[in-house]
Amino acid sequence: MPNYTLHISDGKEAEIDIDCDNNHVAINEALNALSKFACSRFPPPANVSIAIADALKAPVATVSLEFRIDLAPGVRM
């Protein structure tokens with residue numbers, strides 16, 4: 001099974017290796033990791049991203065999340 005690397009950036013850097021059948025599965029795993037990360041640290045950091053690379057360290061994709069609140073005019077916190 002091919003090896004992929006997920007490089008997680010949220011102000012800190014971390015890298016993990018995962019085994020996936022193909023690029024599509026690796027991207028899906030990264031999206032799952034991103035959603036679990038965001039839910040476990042709610043509200044998440046302003047910018048979270050996961051860069052996916054294949055076994056040769058060639059870029060496959062980057063998934064990211066931006067947490068933002070836009071208040072309506074007249075609403076105060």
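Extension gain Ser64-Asp19, at 0.36 nm per residue separation less the Cα-Cα distance, in nm? Please list the in-between numbers first.
Values: separation 45, 0.36 × 45 = 16.20 nm, distance 2.08 nm.
Full extension from Ser64 to Asp19 adds 14.1 nm.
How much area per residue is accessible in region 24-77 when the probe is 1.4 Å and only protein heavy atoms are counted (Å²)?
Spelled out: the 1.4 Å probe surface of region 24-77, per residue, equals 74 Å².
Over the chain, what percent of the accessible surface lies on carbon and sulfur atoms, probe 1.4 Å?
Summing carbon and sulfur atoms, their accessible area is 55 percent of the total for the chain.
With every protein chain left in place, what is the accessible area of Lys36 in Å² (1.4 Å probe, nearest 10)?
Approximately 150 Å² for this residue.
Could you state the number of Å between the C-alpha centres of region 1-25 and region 52-75?
Result: 15 Å between the Cα centres.
When only C-alpha pairs under 8 Å and at least 6 residues apart count, what is the relative contact order of the chain, in percent?
Worked out over the chain, it gives 31 percent.
Can you give the alpha-carbon Rg of the chain over 2.2 N^0.38 Å, where N counts its residues? Don't skip to the end; give the middle numbers.
Working: Rg = 15.1 Å, N = 77, 2.2 N^0.38 = 11.5 Å.
Here the Cα radius of gyration is 1.32 times the empirical estimate.
Leaving ligands, DNA and RNA out of it, rank Ile52, Ile16, Ile69 by accessible area with a 1.4 Å probe, largest first.
Of Ile52, Ile16, Ile69, the descending order of accessible area is Ile69, Ile16, Ile52.
How large is the helix-only mean residue ellipticity at 222 nm for the chain, computed as the sum of -39500 (n - 2.57) over DSSP H runs with n ≥ 4, divided by its residue count, in deg cm²/dmol to the nearest 500?
Rounded to the nearest 500, the figure is -8000 deg cm²/dmol.
Taking square-rooted eigenvalues a ≥ b ≥ c of the alpha carbon gyration tensor, is region 28-72 rounded, prolate or oblate, where a/c under 1.5 means rounded and, failing that, a/b exceeding b/c means prolate? Don't jump to the answer; show the numbers that get you there.
Working: a/c = 3.53, a/b = 2.18, b/c = 1.62.
In terms of gyration-tensor shape, prolate.
The values are calculated or read from the model by the stated rules, or taken from the named source; none is laboratory data. Here the structure is a predicted model, which is why all the values come from computation and not from measurement. With ligands, DNA and RNA removed, areas are computed over all heavy atoms of the protein, side chains included. Shrake-Rupley method; radii C 1.70, N 1.55, O 1.52, S 1.80 Å.
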